[in-house]
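Down below is the structure, laid out as structure tokens.
The values are calculated or read from the model by the stated rules, or taken from the named source; none is laboratory data. All values derive from a computational prediction rather than experimental measurement. Here the Cβ positions follow ideal geometry from the backbone for every residue, glycine too, while neighbour counts run over all protein chains shown.
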Amino acid sequence: MKSLNTHARSLVLALVLLLLPLVLQPFGNAWIRIVDMALIYVLLALGLNIVVGFAGLLDLGFVAFFAIGAYAYAFLASPQLLESWGWLQQHFPDGLHTPWWLVMPISIVLTGIFGVLLGAPTLKLRGDYLAIVTLGFGEIIRVFMNNLDQPLNITNGPKGIGAIDPIQIAGHSLAKKLDWMGLEFKSVTLYYYLFLCTVILAVVICHRLQHSRIGRAWMAIREDEVAAQAMGLNTRNLKLLAFSLGATFGGVAGSFFAAFQQFISPESFGLMESVMVVAMVVLGGAGHLPGVILGALLLAILPEALRYVATPLQDLSGGRIDAAILRQLLIALTMVLAMLWRPQGLWPKHPQGVKT
Amino acid sequence: MDTLVQQIINGLVLGSLYALVALGYTMVYGIINLINFAHGEVLMVGAMTCWSVMTFLAENVPQLAPAWAFAMGLIAAAFVCVLLNVAIEKLAYRPLRNAPKLAPLITAIGVSILLQTLAMIIFKPNYKSFPNPMPSAPMNILGAVITPTQVMILITTACLLLILMWVIHRTRLGRAMRATSENEQMASLMGIQPDRVISATFAIGAVLASVAGVMWAANFGTVHHAMGFLPGLKAFTAAVLGGIGNLPGAVLGGLCLGLIESVGSGYLGPLTGGVLGSQYSDIFAFLVLIGMLTLRPSGLLGERVAHRA
């Protein structure tokens, strides 16, 4: 009886997820766009969850991988590189339009390597030191993004990179709407389905990882590193693996983000974003996948919903409180209050088996 | 040669400000093993308070000399910062003292962002010019220039350091602090109240940070809501560089970091043929931090905290 119940529940959930954008469509693109961004944040939170939730390593520079993924896609699928390097133009007379299925593996490998690069010098560090070093790493990447427009224009500096190719699937660009079986699918809706598929894939990967030998090893490291080492675990390699696997999620999310927005600038990759992803993981319940997803959705969608509250508030406060500030306030309060009142998160794992 | 002397002077000034903030980090870390992430924000609140008091006095009591307004602003800043830092410790860190290590760290980051956001709401997010009461005519030393503000910073830092050393080594409170940092349980058996000592530590750190904030604002001429973030981060780097938990180490680390940054960014452009300019100066601190933690996690002067790193 119980299993029938869960099946019914999964079916309802699947239907809701499938129909959600079609229901939202008549209300305009804005809401679907918000949901799309929320899915990207879920992807980021799932990636960070591997590092923070599973392996217990606090990473405050996670957005760096998001940035690397985004810039990798932007370089390979926009006029940016050809404009600064004339000699490349001869090789690509039609412009640089790398298809997304080719960029994704590149982005994954690249962020994986950067994950190891960040992990290697920080292996000996624990807790708070690690947090500061990763934060520094994020800042270094941002400073480079901001300043690599001279002497050779690579990243176009603070102005950012525009005219990035949208994702094309089977010859159809996701930036255009699609009519199929009498139904109209807007661009944001198409992206929704793509992101949803990716998130589901990510959840499956995370779930399998968590219950694998590696996942159990990470949790052993999280609970007690010395004991884990004594049990014969290679903590060095396992930590590096956590860093680089988590980083690849960030890279994929970044590449999707670049394609979805068709424009990126260093502004999107500040420290606040890193902190926000940490807040998502912590709020939901680090190490517990449904909790992490809940946390990401809450923190991604709630501030947008608050926008409607923000307008009257903005008039009341003489323009001091706007949606962005409200969002920041919410994130800060979440982090403090969640830790004080519910340090295990809103939807923590049942304390059976592994002690959390 | 002139540039070198100039960069050294700038580096010492910058470094002494880092040192003041780094002392706050290092004292707190020495006692409760926590990185007080909000410490940089305390610096910002100090500068903001001083700015508010000075603007208020300039508007309402115009006959008051600017130097007096500055002094009153400084005292108000120290007062507000002490209250703030003690309150932060009571509300955000104390309940989590026995929680897993990540918990207080995450609240600390939350408090830091909270303070920044509140400051942005209260003071609006624009840059405000800071009225500097010191004469602006620079003095010449060995072909380099030093402003009276910079001289004031060096003298103030030196005085504060002497007072701090006296407090730590010659007073009852200082002895209690050293005992608590050595072994909290044992100290409490000897009749020391650790909670009080911890509050006092946060208060002393706040005074140093508020003075550093006001000096920072006077030196660079502006205040804004995010001004505490980078100095805070670099001061933490300085504390690690000198050996966290070690007071002379924090001062040494601060001065070294200031010199590295100033001299480094001054010569980066010419050395690399203009490829990398002074806009990369912020990276130095992080590279020093990463290098230091990898090669010598106990810092220049520290030896007792290696196992904690």
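Remarks
- Tally of residues being under 15 Å from A:Pro121 (Cβ atoms) and at the interface with chain B (Cβ under 7 Å from one of its Cβ atoms) across region A:136-148: 2
- Test for A:Gly119: is it among the small types (Gly, Ala, Ser), over 23 Å from A:Val204 (Cβ atoms) and either at pLDDT below 90 or touching a strand residue (DSSP E or B) at 6+ places or on another chain (Cβ under 7 Å) (or both): yes
- Residues in region A:207-253 that are free of Cβ contacts under 8 Å to residues at least 12 places away in the same chain and closer than 24 Å to A:Met104 by Cα: 1 in all.
- Residue that is farthest from A:Trp218 (Cα to Cα), among those in region A:84-105 that are touching a Phe, Trp or Tyr at 6+ places or on another chain (Cβ under 9 Å) and not aromatic (Phe, Trp, Tyr): A:Leu96
- Of all residue pairs spaced 6 or more apart or on separate chains, those with beta-carbon atoms under 6 Å, a first member in region B:68-92 that is among the polar types (S, T, N, Q) and a second member that is surrounded by 21 or more Cβ atoms within 10 Å (Cβ to Cβ) are B:Asn85/B:Val42; B:Asn85/B:Phe202; B:Asn85/B:Ala206.
- Which numbered condition B:Gly269 misses (of (1) at pLDDT below 70; (2) more than 10 Å from every other protein chain (Cβ to nearest Cβ)): (1)
- A:Ile132 falls short on exactly one of the conditions (1) touching a Phe, Trp or Tyr at 6+ places or on another chain (Cβ under 9 Å); (2) more than 29 Å from A:Met272 (Cβ to Cβ), and that condition is (2).
- B:Glu59 being among the acidic types (Asp, Glu) and buried (at least 24 other Cβ atoms within 10 Å of the Cβ): no
- Contact annotation: residue pairs with Cβ atoms under 7 Å, 6 or more positions apart or on different chains, pairing a residue in region B:107-133 that is facing chain A (nearest Cβ under 8 Å) with a partner that is surrounded by fewer than 21 Cβ atoms within 10 Å (Cβ to Cβ) and among the basic types (Lys, Arg), are B:Ile121/A:Arg320; B:Lys124/A:Arg320.
- Selected residue [more than 9 Å from chain A (Cβ to nearest Cβ) and either at pLDDT 80 or above or in contact with an Asp or Glu (Cβ under 9 Å, 6 or more places away or on another chain) (or both)] from B:Ser262, B:Ser298, B:Ser278: B:Ser262
- For region A:285-309, filtering for residues that are of a type in the set (Gly, Ala, Ser), surrounded by fewer than 24 Cβ atoms within 10 Å (Cβ to Cβ) and within 13 Å of chain B (Cβ to nearest Cβ) leaves 0.
- If you filter region B:93-127 down to residues that are part of a loop (DSSP other than H, G, I, E, B) and over 11 Å from A:Ile325 (Cβ atoms), you find that the one that is modelled with the highest pLDDT is B:Tyr127.
- Residue within region A:263-271 that is more than 30 Å from A:Pro158 (Cβ to Cβ) and surrounded by fewer than 24 Cβ atoms within 10 Å (Cβ to Cβ) present: no
- Scanning region A:149-193 for residues that are surrounded by fewer than 17 Cβ atoms within 10 Å (Cβ to Cβ), assigned to a loop (DSSP other than H, G, I, E, B) and within 14 Å of chain B (Cβ to nearest Cβ) yields A:Asp149, A:Gln150, A:Pro151, A:Leu152, A:Asn153.
- The test for being within 24 Å of A:Ser107 (Cα to Cα) and surrounded by fewer than 23 Cβ atoms within 10 Å (Cβ to Cβ) does not hold for A:Gln314.
- The helices (runs of 4 or more DSSP H) falling completely within region A:79-142 that include 3 or more residues that are surrounded by 19 or more Cβ atoms within 10 Å (Cβ to Cβ) and among the β-branched types (Val, Ile, Thr) map to A:100-122.
- Conditions (1) closer than 19 Å to B:Arg196 by Cβ; (2) surrounded by 14 or more Cβ atoms within 10 Å (Cβ to Cβ); (3) within 14 Å of chain A (Cβ to nearest Cβ): number failed by B:Val82: (3)
- Residue count for region A:186-206, restricted to those that are touching a helix residue (DSSP H, G or I) at 6+ places or on another chain (Cβ under 8 Å) and either basic (Lys, Arg) or without any contact (Cβ under 8 Å) to a residue 12 or more places away in the chain (or both): 1
Residues are listed down the side, and each one gets a yes or a no for (1) over 27 Å from B:Gly11 (Cα atoms); (2) surrounded by 21 or more Cβ atoms within 10 Å (Cβ to Cβ); (3) not hydroxyl-bearing (Ser, Thr, Tyr):
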position: B:Gly73; (1), (2), (3): no, yes, yes
position: B:Ala77; (1), (2), (3): no, yes, yes
position: B:Val86; (1), (2), (3): yes, no, yes
position: B:Tyr93; (1), (2), (3): yes, yes, no
position: B:Leu105; (1), (2), (3): yes, yes, yes
position: B:Leu142; (1), (2), (3): no, no, yes
position: B:Thr147; (1), (2), (3): no, no, no
position: B:Leu164; (1), (2), (3): no, no, yes
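- A:Gln150 meets all of the listed conditions (1) under 30 Å from B:Leu230 (Cβ atoms); (2) in contact with a Phe, Trp or Tyr (Cβ under 8 Å, 6 or more places away or on another chain) but one, namely (2).
- Unique match (being assigned to a helix (DSSP H, G or I), touching a Phe, Trp or Tyr at 6+ places or on another chain (Cβ under 7 Å), surrounded by 10 or more Cβ atoms within 10 Å (Cβ to Cβ) and free of Cβ contacts under 8 Å to residues at least 24 places away in the same chain) among A:Leu44, A:Leu24: A:Leu24
- Residues in region A:272-284 include none that are surrounded by 19 or more Cβ atoms within 10 Å (Cβ to Cβ), away from every other protein chain (no Cβ under 14 Å), under 22 Å from the mean Cα position of the chain (by Cα) and closer than 23 Å to A:Ser107 by Cβ.
- Some residue of region B:39-56 being farther than 21 Å from B:His225 by Cβ and surrounded by fewer than 23 Cβ atoms within 10 Å (Cβ to Cβ): no
- Filter pass, A:Ile331 being under 17 Å from A:Ala45 (Cα atoms), in a helix (DSSP H, G or I) and touching a residue at least 60 places away in the same chain (Cβ under 8 Å): no
- Helices (runs of 4 or more DSSP H) (entirely within region A:196-315) containing at least 3 residues that are of a type in the set (D, E, K, R): A:213-223
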